[in-house]
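Taking it in order: structure first as structure tokens, then the write-up.
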Amino acid sequence: MPASWVAASTRARLLGDRRLGGAHATAVANSGGLAPALQLLQASPYGANLDSGMSLEAAQRQVGATVLWNLRVLAGWLPPGGSAILLPLMAWFEIANIEERLAYLSGGGHITPYQMGNMGSAWRAVSRSTTAEAVREGLTRSRWGDPGTSDPSGMVLALRFKWASWVAGSVPGADAWAATAVALLGARVRFASPASPGDLPQIPARVYGLPPGWQQVASLPQMRAIMSRRLAWVLDGVEEPSDLWAAEARWWSRVEADAEQMVLRSRYGPSAVVGIAMLLGHDAWLTRAALGAAARGLQAKGVFDAVA
């Protein structure tokens, strides 16, 4: 292993310690309200940009922004060309920025975008766009390529499927995560989308691993039945759209377990770096869930207890 990767991996492990962890996340969820939850987080790795007067949405966004900053720092430590394994992971934040820009152009409020630095593919162009058509043009000229539509929701959906494909092809050890993320996304598109099946964009299933006919199935159990076992496990026990949160939690649990094994098996090198990056992502997801539980009360607390 080149010395440059050894040094980068060693630094990454130190950065990986900047996590809240399950026990502290549970304490946040049990804190009795958003303000006390934010006070608990003041001394955490997320505390620098949090204050007790924040809204839930603003606090959760700052948790995400902290992870993005850590990933940017981590990418800067990698040998020349090494950041290519993290760029697809950071692209999640670019999609969020693009989605929010499209919402703003449709009359929504302005949200301060995630700061991508030089890690974005299309954001610099999209951030200056004043129409949905201009957003599409900016995407077409970028790594993302033409989303195939100028409809805002269709563009975002196309980006999410493209993102999963990018992760699968460029991030070591992430192909199974990406495949099951596509299965979960397909389930959400089919059963949790306000659009009718005929209005949904035509996604090339053969490219992303979804089985033919997935957009026509009548229920989540039917969708699970036509999937290969490699994908179907993420929908185990999911009978109704309201159960999809459990599938997301199951997905994150598998990611956490796999990432921990990656870090243990590969002390140095790209796999260790990816494992640490995904552990940071899981911790942010858990922290955001804990904030939601604290802010929303007993019902949300029950959901958090089921996934923590």
Fill in: Local electrostatic count, VAL126, Cβ distance below 9 Å [Lys/Arg +1, Asp/Glu -1]
+2
Worksheet, complete the sentence: With only helices counted (DSSP H, runs n ≥ 4, each -39500 (n - 2.57)), the per-residue ellipticity at 222 nm for the chain, to the nearest 500, works out to -20000 deg cm²/dmol
Worksheet item: By the scheme Lys and Arg +1, Asp and Glu -1, what is the net charge of all other residues having a beta-carbon under 11 Å from that of ASP146?
Response: +2
Worksheet, complete the sentence: The rounded separation in angstrom of the Cα centers of region 92-128 and region 1-33 is 27 Å
Practice prompt. Considering the options PRO2, PRO241, ALA25, tell which one lies farthest towards the positive end of the dipole of the chain, charges being +1 on Lys and Arg and -1 on Asp and Glu at the Cβ, about the Cα centre.
Written response: PRO2
Worksheet item: Quick one: which of 126-137, 83-94, 99-110 comes out on top by average Cβ neighbours within 10 Å, and what's the full order, highest first?
Response: 83-94, 126-137, 99-110
Worksheet item: Placing +1 at every Lys and Arg Cβ and -1 at every Asp and Glu Cβ, with all other atoms neutral, what dipole size does the chain have around its Cα centre, in debye to the nearest 20?
Response: 660 debye
Worksheet item: Around ALA91, what is the net charge, scoring Lys/Arg as +1 and Asp/Glu as -1 over all other residues with Cβ under 11 Å from its Cβ?
Response: +2
Worksheet item: For Cα Rg over 2.2 N^0.38 Å, the choices are [x] 1.00; [y] 1.51; [z] 1.12; which was calculated from the structure?
Response: [x]
Item to complete: Could you tell me the largest-minus-smallest coordinate of the C-alpha atoms of region 87-150 on each of the three principal axes, in descending order and whole angstroms?
Response: 30, 26, 15
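Values quoted throughout were computed directly from the atomic coordinates according to the rules given, and no laboratory measurement underlies them. These figures come from a predicted structure and were not determined experimentally. All Cβ positions, glycine included, derive from the backbone under ideal geometry; neighbour counts span all protein chains shown.
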